[in-house]
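The values are calculated or read from the model by the stated rules, or taken from the named source; none is laboratory data. All figures in this text were calculated on a predicted structure; none of them were measured in a lab. Note that we place each Cβ from the backbone using ideal geometry, even for glycine, and neighbour counts take in every protein chain shown.
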Amino acid sequence: MTVRHFLTLRDLSSDELGYVIQRAIELKTMLRNGQVHEPFRGKTLGMVFEKSSTRTRVSFEVGMNQFGGSSIFLSPRDTQLGRGEPIEDSARVLSRMVDAVMIRTFAHSTVETFAAHSSVPVINALTDDFHPCQLLADIQTFVEHRGAIRGKRVVWVGDGNNMCNSYINAARQFDFELVICAPEGFDPRADLVAENSDRVRLERDPKAAVQNAHLVVTDVWASMGQEEEQAQREKAFRDYQVSPALMDLADKEALFMHCLPAHRGEEISHDMLDDPRSVVWDEAENRLHAQKALLEFLL
């Protein structure tokens with residue numbers, strides 16, 4: 001059987017992604033009903049973390065545990081990767097011992113190289129370019145609250161970062177319109193925007209961008225590794241804060257999402273996460289269910 005990897009949303013077809021979302025909802029229901037489902041007894045997930053995380057680590061570890069399997073946490077301090085072993089060699093060895101590998105790192109080329117030399121599925125749990133696992137959780141959350149996202153208008157407010165790039169891929173795979181509202185100099189990858197120009201457009205004015213939006217999404221202004229740019233970014237993004245007042249300009253049924261952690265008073269107002277249109281806690285929980293569905297699909 002050909003090994004399938006999940007490095008971006010485009011590694012799965014639209015139909016496959018739709019299946020994963022529906023399966024995530026089923027698994028969530030099964031868990032809440034107390035139904036034991038342990039297809040991964042005797043299976044192990046290797047978790048390689050070069051970037052720290054709360055939600056990613058907990059969701060993958062708990063997911064494997066609920067499936068009857070186990071996981072191994074590997075930081076640069078714990079592995080030869082941190083001492084300069086070639087990625088290709090680590091991939092060949094690790095994939096002979098575990099059943100799947102999850103990697104959270106900086107360069108996207110790291111997960112691509114690892115996958116090219118791995119004999120088991122490799123999952124991108126975040127790189128500087130993409131964060132596809134978070135998009136599975138986001139789409140699941142929208143479907144649970146509002147139904148199919150196809151044909152809806154989604155507005156990204158803030159930095160054109162890895163999340164924004166993944167939203168561009170999501171617009172393509174889930175067939176929705178995406179408006180990206182970022183200050184000049186902070187746009188997402190130009191090649192992705194150009195390739196998806198039939199459904200993705202840029203808008204500098206947040207008030208204009210959120211008009212008729214069904215979903216408004218944002219992220220921190222300075223991602224991990226950009227801390228030295230904090231002051232510069234605060235100045236550039238000062239007009240790009242999402243607040244209940246901005247949400248009032250969107251569709252009356254609009255939802256708000258944030259992948260967390262959030263910086264209240266920066267990319268969101270202090271009261272935004274508590275607004276009734278905010279579904280960030282469901283969104284965070286759904287990392288668990290969406291990733292369980294993904295693991296089940298890949299294995």
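Would you tally the residues in the range 45-101 being assigned to a helix (DSSP H, G or I), of a type in the set (A, V, I, L, M) and surrounded by 19 or more Cβ atoms within 10 Å (Cβ to Cβ)?
Residues flagged as assigned to a helix (DSSP H, G or I), of a type in the set (A, V, I, L, M) and surrounded by 19 or more Cβ atoms within 10 Å (Cβ to Cβ) within the range 45-101 amount to 5.
Please tell me if residue 16 is within 30 Å of residue 195 (Cα to Cα) and part of a helix (DSSP H, G or I).
Yes; evaluated as a whole, the condition is true for this residue.
Checking residue 293 against (1) in contact with a Lys or Arg (Cβ under 6 Å, 6 or more places away or on another chain); (2) assigned to a strand (DSSP E or B), only one condition comes out false. Which one?
It is condition (2) that residue 293 fails.
Based on this model, can you work out whether residue 28 counts as in contact with a Phe, Trp or Tyr (Cβ under 9 Å, 6 or more places away or on another chain), among the charged types (D, E, K, R) and not assigned by TED's automatic domain parsing to the domain that holds residue 171?
Criteria not met by residue 28.
Look at the range 231-254 and say how many of its residues are among the charged types (D, E, K, R) and surrounded by 16 or more Cβ atoms within 10 Å (Cβ to Cβ).
2
When you scan the range 164-173, do you find a residue that is surrounded by fewer than 21 Cβ atoms within 10 Å (Cβ to Cβ), on the phi < 0 side of the Ramachandran plot and either among the β-branched types (Val, Ile, Thr) or at pLDDT below 95 (or both), even just one?
No, the range 164-173 has no match at all.
Scan the range 78-92 and report the pairs whose first residue is in the same structural domain as residue 111 (by TED's automatic domain parsing) and whose second residue is surrounded by 12 or more Cβ atoms within 10 Å (Cβ to Cβ) and modelled with pLDDT under 75, with Cβ atoms within less than 9 Å and a gap of 6+ or a chain change.
85/79; 87/81; 89/80; 90/79; 90/80; 90/81
Based on this model, can you work out whether residue 124 counts as closer than 30 Å to residue 278 by Cα and without any contact (Cβ under 8 Å) to a residue 24 or more places away in the chain?
No: the conditions fail for residue 124.
Please verify whether residue 262 is part of a loop (DSSP other than H, G, I, E, B), in contact (Cβ under 8 Å) with a residue 12 or more places away in the chain, in contact with a Leu (Cβ under 8 Å, 6 or more places away or on another chain) and not assigned by TED's automatic domain parsing to the domain that holds residue 16, treating the condition exactly as stated.
Here the answer is yes, as residue 262 does meet what is asked.
Do we have residue 111 as more than 15 Å from residue 287 (Cα to Cα), among the aliphatic types (A, V, I, L, M) and in contact with a Leu (Cβ under 6 Å, 6 or more places away or on another chain) here?
When the stated conditions are applied, residue 111 passes them.
Hey, does the range 150-157 have a residue that's surrounded by 19 or more Cβ atoms within 10 Å (Cβ to Cβ) and more than 17 Å from residue 215 (Cβ to Cβ)?
no
I'd like the full set of residues that are closer than 20 Å to residue 44 by Cβ and either outside any helix (DSSP H, G or I) or polar (S, T, N, Q) (or both), limited to the range 106-122.
117, 118, 119, 120, 121, 122
Out of the residues in the range 123-141 that are assigned to a loop (DSSP other than H, G, I, E, B) and of a type outside the set (A, V, I, L, M, F, W, C), state the one that is surrounded by the fewest Cβ atoms within 10 Å (Cβ to Cβ).
Top of the filtered list is 128.
Within the range 258-274, how many residues are surrounded by 16 or more Cβ atoms within 10 Å (Cβ to Cβ) and among the acidic types (Asp, Glu)?
So the count comes out to 2.
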